[in-house]
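Scroll down for the structure; my scribbles are underneath it.
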Amino acid sequence: MPTLTFAQALNQSLRHEMTTDPRVFVMGEDIGHHGGIFTVTKGLWEEFGAERVRDTPISESAFVGAAIGAAMVGMRPVVELLFMDFALVAADQIVNQAAKLRYMAGGTLSLPLVIRAQQGGGRGNGAQHSQSFEAWFAQVPGLIVIAPSTPHDAKGLLTAAMRANNPVIFIEHKLLYFTRGEVPEEEYVIPIGKAEIKRAGTDITIVSYSRQLLLALQAAEELAQQGINAEVIDLRTIEPLDMDTVLESVSRTHRLLVVHEAHANCGVGAEIIARMYECAPQLLSAPARRLGAKHVPIPVAESLENAVLPQVRDIVEAVQAVIKV
Amino acid sequence: MTQDQLMVAYRQMWVIRKFEETIRDLYQQGKIRGSFHPCVGQEAVAVGGCAGLQRDDYMTCTYRGHGHAIAKGLSVRAAMAEMLGRATGCSKGKGGSMHFTDPSVGLLGANAIVAAGIPHAAGAALGAQMQKQKRVALAFFGEGAVNQGVFHETLNLAVVWNLPLVLVCENNLYSEMTPSHETTSTVETYKRAAAYGMPAYSVDGNDVEAMAGAVAEAATNAREGKGPTYLEARTYRLWGHMMGDPEVYRTKDEVIAAREREPIARLGSHLQMLGVKTETLTDLEDKAAAIVTDALTFAEASPLPDAQEAFEDTFA
């Protein structure tokens with residue numbers, strides 16, 4: 001099986017879908033001539049032309065709105081936001097419009113729309129280029145929120161997103177683009193809303209997604225040396241959230257830690273723990289915990305950024321604290 | 001427009017007028033919840049504008065959109081039922097006054113965010129262009145919307161991508177409760193559009209024929225691949241911004257004077273000059289009243305939506 005980067009896997013998914021479905025088109029800043037600043041759309045402009053691979057002006061509100069309009073009349077747009085932080089410029093179009101138009105129309109419209117963007121820090125890009133918004137979007141009824149962690153999952157989930165017939169926020173991570181993994185050559189779909197156990201274990205369930213999932217796996221390796229056998233679940237989809245997989249795991253491990261890069265305050269971790277206590281508190285032999293970025297804007301200097309964003313060491317310490325109880 | 005077409009327009013404007021009057025009555029009786037933003041006095045913009053389009057062209061409008069929606073072809077029954085929160089409403093009770101939508105007549109939605117429907121129309125135009133259809137998209141919006149960022153973003157994008165888009169700014173002189181000239185640097189908003197590189201004109205929005213002609217010409221140009229056009233339709237909002245607006249920002253005399261120029265009476269006078277009898281005009285008004293009365297009867301007899309309906313239609 002070929003080994004591809006995360007960016008190459010996304011590129012394959014886009015290329016396949018654009019080849020087989022003439023209604024699919026992509027737009028965003030620097031995605032055409034330049035092939036995308038992270039190379040995700042590389043070669044598409046040359047292959048499919050400027051009609052279907054559109055470089056946009058720096059007008060997030062207008063081009064997300066235009067994607068909504070095009071989706072309403074039979075096209076299947078895939079919009080790229082250069083940085084998830086720029087989603088805020090288009091926030092009205094994403095939250096007030098895309099998420100709600102079908103409902104407000106009593107179901108007489110549908111929006112087959114994918115909005116792709118990369119999140120996250122770890123590169124010293126600063127507070128306005130490093131944020132994670134999956135919790136905000138997950139709280140809006142009408143948005144599907146997906147965040148793959150591996151090239152294999154990225155390809156299958158992007159294909160699923162493009163076929164979902166509903167507005168999808170497809171979250172990539174700037175530090176995942178050049179990670180590598182095995183990716184089947186053929187086209188395939190990974191079901192939306194289905195988490196996956198990436199590492200089987202017995203002593204604690206660590207739930208994570210996107211780049212932090214890789215850090216959680218690293219932490220699990222370190223913990224194994226200390227005799228702690230962690231099970232690591234990759235949510236893959238944030239909304240709808242696969243709580244069944246989490247509950248099944250905790251029914252065996254009896255301990256839960258959620259790790260994400262987004263700020264801990266009001267994050268996905270808080271939501272999962274709330275559901276844990278609503279559904280099955282009796283499964284826990286220790287209080288559930290969550291780990292996220294500290295509650296400050298994300299700084300640039302490496303030593304400062306590392307103090308704010310969860311590191312492997314932080315995950316290891318958090319697990320140890322849960323185990324000790 | 002032919003005389004027959006003008007008579008159809010006359011009746012249609014009366015339908016919209018009587019619809020709004022009925023809604024006001026229902027509101028005052030406490031039978032309607034939420035907001036109501038009447039378009040009384042602006043009927044010619046909607047009816048004339050839609051007369052310049054083809055039936056399968058696309059349209060978006062704002063929350064002052066009952067007239068645009070009905071003119072585009074939304075069933076008056078479905079509109080009335082939606083206002084009364086019935087299961088037979090165009091949105092099954094889930095959208096209400098500000099979100100009338102009916103894709104089967106090209107009505108892609110009324111929007112509560114003043115400029116938000118403008119890029120949707122641009123996107124529909126883009127979709128039509130990419131699918132090689134001869135359809136155009138028209139966005140109705142008020143002059144308040146020309147101060148929102150996405151207005152500017154979309155006008156630029158429409159020119160750059162040469163979209164088959166008709167932009168109709170309905171300038172009724174008031175942005176909600178504030179005179180627009182106090183908050184807008186260029187009160188002749190078409191000059192802003194011209195600065196983006198598209199043909200841009202001012203039109204008498206209270207003249208149904210002028211509106212129809214201007215929109216038809218813009219739509220023809222769009223269909224022929226000549227790109228977007230901006231029309232500023234000058235009109236006047238005879239009622240307040242919404243139900244309950246005390247209208248402290250303008251004098252009663254100003255409103256009375258504006259009523260002299262209101263579009264339905266104007267078209268009536270014009271038709272009479274063309275030889276149409278008063279009884280014929282009265283008959284058209286009565287027919288309009290009957291349509292609205294029928295819609296009200298239908299709506300009041302319709303069931304309320306089941307609570308379960310609230311949990312449907314979020315996703316396809």
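The values are calculated or read from the model by the stated rules, or taken from the named source; none is laboratory data. Note that the coordinates shown come from a computational prediction; the quantities given were computed from them, not determined experimentally. We place every Cβ from the backbone using ideal geometry, glycine too, and count neighbours over all the protein chains shown. Surface areas here come from the heavy atoms of the whole protein model, side chains and all, with no ligands, DNA or RNA. Shrake-Rupley method; radii C 1.70, N 1.55, O 1.52, S 1.80 Å.
General remarks:
- Of the residues making up the range A:3-26, those that are crowded, with 23+ Cβ neighbours inside 10 Å and part of a strand (DSSP E or B) are A:25, A:26.
- Selection count, the range A:200-253, where residues are in a strand (DSSP E or B) and open to solvent by 10 Å² or more (accessible area, probe 1.4 Å): 1
- Filtering the range B:264-315 to residues that are within 14 Å of chain A (Cβ to nearest Cβ) and over 30 Å from residue A:112 (Cα atoms) leaves only B:302.
- Condition met for residue B:88 (within 14 Å of chain A (Cβ to nearest Cβ), open to solvent by less than 30 Å² (accessible area, probe 1.4 Å) and either out of contact with any Gly (no Cβ under 6 Å at 6 or more places or on another chain) or within 25 Å of residue B:119 (Cβ to Cβ) (or both)): no
Each row is one residue, and each column tells you yes or no for (1) closer than 30 Å to residue B:129 by Cα; (2) touching a residue at least 24 places away in the same chain (Cβ under 8 Å); (3) open to solvent by 50 Å² or more (accessible area, probe 1.4 Å).
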position	(1), (2), (3)
B:203	yes, yes, no
B:209	yes, yes, yes
B:230	yes, yes, no
B:263	no, yes, no
B:267	no, yes, no
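- Top-ranked residue in the range B:110-132 [being in contact with a helix residue (DSSP H, G or I) (Cβ under 8 Å, 6 or more places away or on another chain) and more than 7 Å from chain A (Cβ to nearest Cβ); ranked as nearest to residue A:25 (Cα to Cα)]: B:125
- When the helices (runs of 4 or more DSSP H) confined to the range B:245-316 are screened for residues that are among the polar types (S, T, N, Q), those reaching at least 3 such residues are found at B:278-301.
- Sole residue being free of Cβ contacts under 8 Å to residues at least 12 places away in the same chain and in a loop (DSSP other than H, G, I, E, B), chosen from B:30, B:34, B:41: B:30
- Taken together, A:64, A:78 contain a single residue that is open to solvent by less than 10 Å² (accessible area, probe 1.4 Å), among the β-branched types (Val, Ile, Thr) and more than 11 Å from chain B (Cβ to nearest Cβ), which is A:78.
- Each residue in the range B:134-144 was checked for being open to solvent by 10 Å² or more (accessible area, probe 1.4 Å) and within 12 Å of chain A (Cβ to nearest Cβ), and 1 of them qualify.
- Evaluation of residue A:91 against (1) among the aliphatic types (A, V, I, L, M); (2) touching a residue at least 24 places away in the same chain (Cβ under 8 Å); (3) open to solvent by 10 Å² or more (accessible area, probe 1.4 Å); (4) more than 7 Å from chain B (Cβ to nearest Cβ) (one fails), failing number: (2)
- Residue list for the range A:126-136, filter: crowded, with 24+ Cβ neighbours inside 10 Å and either within 14 Å of another protein chain (Cβ to nearest Cβ) or part of a helix (DSSP H, G or I) (or both): A:134
Conditions (1) open to solvent by less than 10 Å² (accessible area, probe 1.4 Å); (2) among the basic types (Lys, Arg); (3) more than 29 Å from residue A:299 (Cβ to Cβ), marked per residue:
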| site | (1), (2), (3) |
| --- | --- |
| A:112 | no, no, yes |
| A:118 | yes, no, no |
| A:124 | no, no, no |
| A:157 | yes, no, yes |
| A:164 | no, no, yes |
| A:171 | yes, no, no |
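- Filtered residue count, the range A:101-110, keeping only those that are part of a loop (DSSP other than H, G, I, E, B), surrounded by 21 or more Cβ atoms within 10 Å (Cβ to Cβ) and out of contact with any Cys (no Cβ under 9 Å at 6 or more places or on another chain): 1
- Qualifying residue in the range A:41-54 (condition: touching a helix residue (DSSP H, G or I) at 6+ places or on another chain (Cβ under 7 Å), more than 30 Å from residue A:304 (Cα to Cα), crowded, with 22+ Cβ neighbours inside 10 Å and at the interface with chain B (Cβ under 7 Å from one of its Cβ atoms)): no
- When the range B:145-185 is limited to residues that are among the polar types (S, T, N, Q) and under 24 Å from residue A:57 (Cα atoms), the one that is farthest from the other protein chains (Cβ to nearest Cβ) turns out to be B:147.
- So residue A:71, is it within 22 Å of residue B:150 (Cβ to Cβ), open to solvent by less than 10 Å² (accessible area, probe 1.4 Å) and at the interface with another protein chain (Cβ under 9 Å from one of its Cβ atoms): yes
- Failed item, numbered, when residue B:244 is tested on (1) surrounded by fewer than 13 Cβ atoms within 10 Å (Cβ to Cβ); (2) over 23 Å from the mean Cα position of the chain (by Cα): (2)
- Condition check for residue A:145: within 14 Å of chain B (Cβ to nearest Cβ), of a type in the set (A, V, I, L, M, F, W, C), closer than 28 Å to residue A:266 by Cα and in contact (Cβ under 8 Å) with a residue 60 or more places away in the chain: yes
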